[in-house]
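One structure is given here, and the rest of the page talks about it.
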Amino acid sequence: MTREEYCSKIGEAIKAIDFPGEYLGHVWYGSGHINDTFLIRFSEKEESKKYILQRMNHEILKQPGQLMENICNITSFLREKIAKAGGDVNRETLNVIYTKEGAALFRDSIGSYWRAYQFVEDAISYDQVSKPEDFYESAVAFGHFQYMLKDFPAGRLYETIPDFHNTLLRFRVFQKAIAGDLQGRVSEVKEEIDFLLRRELSMGVCAELRAEGKLPLRVTHNDTKMNNVLIDNATGKGICVIDLDTVMPGLSVFDFGDSIRFGANTAMEDEIDLSKVSLDLELFEVYTKGFLEGCRGSLVPGEIEQLPAGAVIMTLECGMRFLTDYLQGDHYFRIHREKHNLDRCRTQLALAADMEQKMDEMKRIVNKYR
Ligand code: ADP
Ligand code: GN1
Ligand code: MG
């Protein structure tokens, strides 16, 4: 089914969800690779009010019910903390809009799952860093998010995508994709394959430290792209961490690393001109400072030490995931052009190579803020 076909029953979702007021219209929204997001408008007391309506990708998020239970639990836990700190619970976390029957999600007549959130007004999410201040604010927000969840009972969380950042397992899946060569694309990407195969050992470093008890398991976000933080238009502060589908037990260094992978790259994730790709050390520094401030001293020395490794591993892992998807026929990440996933893979590998060159500088910067 195409994306349009999957979303064809949006009218059923609009009717089923308990949006107050009168429906005015909806448009496609956002630039995520997984879910289908819509901005939807209702009129209420002569005012136009916005909401976010999403069709969840249930081929990837296989247990939408469990996932929404996670999100309801997390957001109500956060709401309590935000209220205690005197914050605005309507803007500083996601707020689910329930169906008229009181459920957090709706299943339409063709089996697609929908959910809705209050729209956080007067805030914006960025797909690329244009001001270092915004990147800094996203770092504080992600660090603080993890800090707030440090006493969340992790046992109450379902693992929404099992082994999400199990890089070595992803390596095995990658090897299988090469062996299967379903699309006959292997011969075209030998260089990229070799680059990744040579790095098996470095991909497992943090998992090994975790197994030895040197890195603690925490409740982490696991998808810390800069566009998953809303920045307040008036204050410039990172006010709300969104996209909570992958909040699960994980490693803090991977939350840090995934943000660096996305935001401290001098090029976009799908840039074709690889000469534009590099790690911006100033942005790396800005993010390190903000993230550690947001974590408020909650990271142990072993975690701080592994932040640069976390950045390299997340970049390699993401490059490997894009390439695996390319080899298997582009079923996971939404593509907008031919070879899109290959282009994305190439930026990640170029970025990882640059990070390897800059490892000493990254370590020096991290030491400055520990
Ligand atoms: P995806 O998983 O596809 O990345 P997201 O949940 O991140 O989906 O939503 C896509 C985009 O929609 C975000 O980057 C953000 O711009 C916008 N968005 C999502 N939720 C809200 C919200 N509650 N208020 C305002 N904007 C939102
Ligand atoms: C996906 O949904 P989105 O676009 O925020 C992916 C991340 C990848 C990212 C790469 C659930 O994130 O893991 O790092 O694309 N999310 C999922 O851009 O797989
Ligand atoms: Mg997102």
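The values are calculated or read from the model by the stated rules, or taken from the named source; none is laboratory data. Since the structure is predicted, the reported quantities are computational estimates derived from the model, not experimental observations. Cβ coordinates were reconstructed from backbone atoms using ideal geometry, including for glycine residues, and neighbour counts include every protein chain displayed.
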Condition check for Glu191: over 27 Å from His58 (Cα atoms), within 21 Å of the chain's Cα centre (by Cα) and acidic (Asp, Glu): no
Check on Val312, within 16 Å of ligand 2 (Cβ to nearest atom) and either hydrophobic (A, V, I, L, M, F, W, C) or surrounded by fewer than 20 Cβ atoms within 10 Å (Cβ to Cβ) (or both): yes
From Arg210, Arg185, residue being in contact (Cβ under 8 Å) with a residue 60 or more places away in the chain, in contact with a Leu (Cβ under 7 Å, 6 or more places away or on another chain) and surrounded by fewer than 21 Cβ atoms within 10 Å (Cβ to Cβ): Arg185
Candidate set: the range 275-304, residues that are in contact with a Phe, Trp or Tyr (Cβ under 9 Å, 6 or more places away or on another chain) and of a type in the set (Lys, Arg); chosen: the one surrounded by the most Cβ atoms within 10 Å (Cβ to Cβ): Lys289
Conditions (1) in contact (Cβ under 8 Å) with a residue 24 or more places away in the chain; (2) out of contact with any Lys or Arg (no Cβ under 7 Å at 6 or more places or on another chain); (3) farther than 30 Å from Lys150 by Cβ: number failed by Ser275: (1)
Qualifying residue in the range 106-117 (condition: acidic (Asp, Glu), at pLDDT 95 or above and either touching a Gly at 6+ places or on another chain (Cβ under 8 Å) or surrounded by fewer than 17 Cβ atoms within 10 Å (Cβ to Cβ) (or both)): no
Hey, Ile17 away from ligand 2 (no atom under 16 Å from the Cβ), β-branched (Val, Ile, Thr), farther than 25 Å from Met226 by Cα and crowded, with 18+ Cβ neighbours inside 10 Å or not: yes
Those residues of the range 242-274 which are buried (at least 24 other Cβ atoms within 10 Å of the Cβ), within 15 Å of ligand 1 (Cβ to nearest atom) and among the β-branched types (Val, Ile, Thr), in sequence order: Val247
Candidate set: the range 152-178, residues that are at pLDDT below 95 and in a helix (DSSP H, G or I); chosen: the one surrounded by the fewest Cβ atoms within 10 Å (Cβ to Cβ): Gly155
Filter result for the condition that a residue is crowded, with 19+ Cβ neighbours inside 10 Å, more than 16 Å from ligand 3 (Cβ to nearest atom) and under 25 Å from the mean Cα position of the chain (by Cα), over Ile52, Ile40: Ile40
Total residues in the range 188-203, condition surrounded by fewer than 17 Cβ atoms within 10 Å (Cβ to Cβ) and closer than 18 Å to Val312 by Cβ: 6
